[in-house]
Amino acid sequence: TEVNAAVVEGLVREFASSWKGGIEQINRNVLSYFSNFRNGMEILKQVLTQLLLYYTRFQDIIRRVWRSKPPAFCKDLVSTTVILAEIKKYALAI
């Protein structure tokens, strides 16, 4: 299967520019949709964990496809450590 570098680059750049706002929006939605705060926070934690798992898989695919010579857009990948730190901010609200 051929991987289209332009498509992957677009995904990387789009994620890099919008992930934090996306997490904030997810948080707002969960708080408004679930009146039970504890349940809402548990759901939020599960959703954000799933997001991190999918993003980690995405990074792994990029590393495998371009093992020998990573493209320039790899510098725009958001580190999972940064995403995890943001997720922990929301988890601390529980």
Legend entry - Pairs where the first residue, in segment 3-18, is touching a residue at least 12 places away in the same chain (Cβ under 8 Å) and closer than 16 Å to I61 by Cβ and the second is open to solvent by 50 Å² or more (accessible area, probe 1.4 Å) and assigned to a helix (DSSP H, G or I), C-beta under 6 Å, 6+ apart: V3/V65
Inset, instruction - Would you mind finding the one in L51, L84 that is touching a Phe, Trp or Tyr at 6+ places or on another chain (Cβ under 9 Å), of a type outside the set (S, T, N, Q) and assigned to a helix (DSSP H, G or I)? - result: L51
Legend entry - Residues of segment 43-94 that turn out to be over 14 Å from the mean Cα position of the chain (by Cα), open to solvent by 50 Å² or more (accessible area, probe 1.4 Å), over 24 Å from V8 (Cβ atoms) and touching a residue at least 40 places away in the same chain (Cβ under 8 Å), as a count: 2
Inset, instruction - Test A16 against the stated conditions and say whether it is surrounded by 12 or more Cβ atoms within 10 Å (Cβ to Cβ), modelled with pLDDT under 90 and within 17 Å of the chain's Cα centre (by Cα). - result: no
Inset, instruction - State yes or no: is V3 more than 12 Å from the chain's Cα centre (by Cα), modelled with pLDDT under 95, hydrophobic (A, V, I, L, M, F, W, C) and surrounded by 13 or more Cβ atoms within 10 Å (Cβ to Cβ)? - result: no
Inset, instruction - Could you tell me whether E24 is surrounded by fewer than 14 Cβ atoms within 10 Å (Cβ to Cβ) and among the charged types (D, E, K, R)? - result: yes
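The values are calculated or read from the model by the stated rules, or taken from the named source; none is laboratory data. Quick caveat: nothing in here was measured; it's all calculated off a predicted structure. Virtual Cβ from ideal backbone geometry, glycine too; neighbours counted across all protein chains shown. Just so you know, the surface numbers come from the protein's heavy atoms only, side chains and all, with ligands and any DNA or RNA stripped out. Shrake-Rupley method; radii C 1.70, N 1.55, O 1.52, S 1.80 Å.
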